[in-house]
Amino acid sequence: MNLTVALTVFGLIFVGELPDKSALASLVLGSRYRPSWVFAGVAAAFAAHMVLAVAAGEVLTLLPHRVLELLVGALFLAGAVLLLRDRGEEQENAGDTMAGKPATFTRVASTSFVIVAVAEFGDLTQILTANLAAKYHAPAEVFIGAFAGLAAVAALGAFGGRALLRVLPLVVIRKGGGVLLAGFAIYTLVNLIRG
């Protein structure tokens, strides 16, 4: 087990997910329903997405090394652009999905699962995870790091996200993640050019 890879992936995914709509969905759901129920559904959705992302990353490893590095750099750059572009703050309103029905564990967890599963499909962190799986050739470490990063953000959102947003504005989190991904894109592309 390469702990360095897992920790690197954790850090990248954690920063990339903080300003994401799924983090906001976890925050909103956690403010309306029992946070542990929300977390259970969100974590299950993230686990399913990371399995798909790591599998896609393993397929990418079949590409020639230089093509793979170019693709890795381009995907980091695309992620940076997505985070750095100016857009309005999105607020997910998921509370109405249980109107008139009691909020049971099954309803809250399944609603949380569906919202995040749909929101995360093809999302930046899923693409980034596939990218990292291809780059590091360590599927277990990438899965563990990515899932842990996503689960940590989900826990922050479900259990204490309101406090984080009072301390650090979402735009600062988004811009910081964009700068970090741009740095990785530049680093990857410079290494590709150097050979």
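The values are calculated or read from the model by the stated rules, or taken from the named source; none is laboratory data. Given the structure is predicted, the values throughout are model-derived calculations rather than measurements. Counting neighbours? That spans all protein chains shown, and the Cβs are built from the backbone with ideal geometry, glycine included. Calculation scope for accessible area: heavy atoms of the full protein, side chains included, ligands and nucleic acids excluded. Shrake-Rupley method; radii C 1.70, N 1.55, O 1.52, S 1.80 Å.
To keep it simple, each residue is scored yes or no on (1) within 19 Å of the chain's Cα centre (by Cα); (2) open to solvent by less than 50 Å² (accessible area, probe 1.4 Å); (3) within 21 Å of residue 145 (Cβ to Cβ); (4) modelled with pLDDT under 75.
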| residue | (1), (2), (3), (4) |
| --- | --- |
| 12 | yes, yes, yes, no |
| 15 | yes, yes, yes, no |
| 18 | yes, yes, yes, no |
| 27 | yes, yes, no, no |
| 38 | yes, yes, no, no |
| 54 | yes, yes, yes, no |
| 60 | no, yes, yes, yes |
| 79 | yes, yes, yes, yes |
Original post:
In the range 117-145, what residues are farther than 19 Å from residue 9 by Cβ and of a type in the set (Val, Ile, Thr)?
Top reply: 118
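Here is a yes/no grid of residues against (1) free of Cβ contacts under 8 Å to residues at least 40 places away in the same chain; (2) β-branched (Val, Ile, Thr):
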{"position": "7", "(1), (2)": "no, no"}
{"position": "13", "(1), (2)": "no, yes"}
{"position": "17", "(1), (2)": "no, no"}
{"position": "28", "(1), (2)": "no, yes"}
{"position": "39", "(1), (2)": "no, no"}
{"position": "62", "(1), (2)": "yes, no"}
{"position": "65", "(1), (2)": "yes, no"}
Original post:
For the range 102-123, how many residues are at pLDDT below 80 and open to solvent by 10 Å² or more (accessible area, probe 1.4 Å)?
Top reply: 5
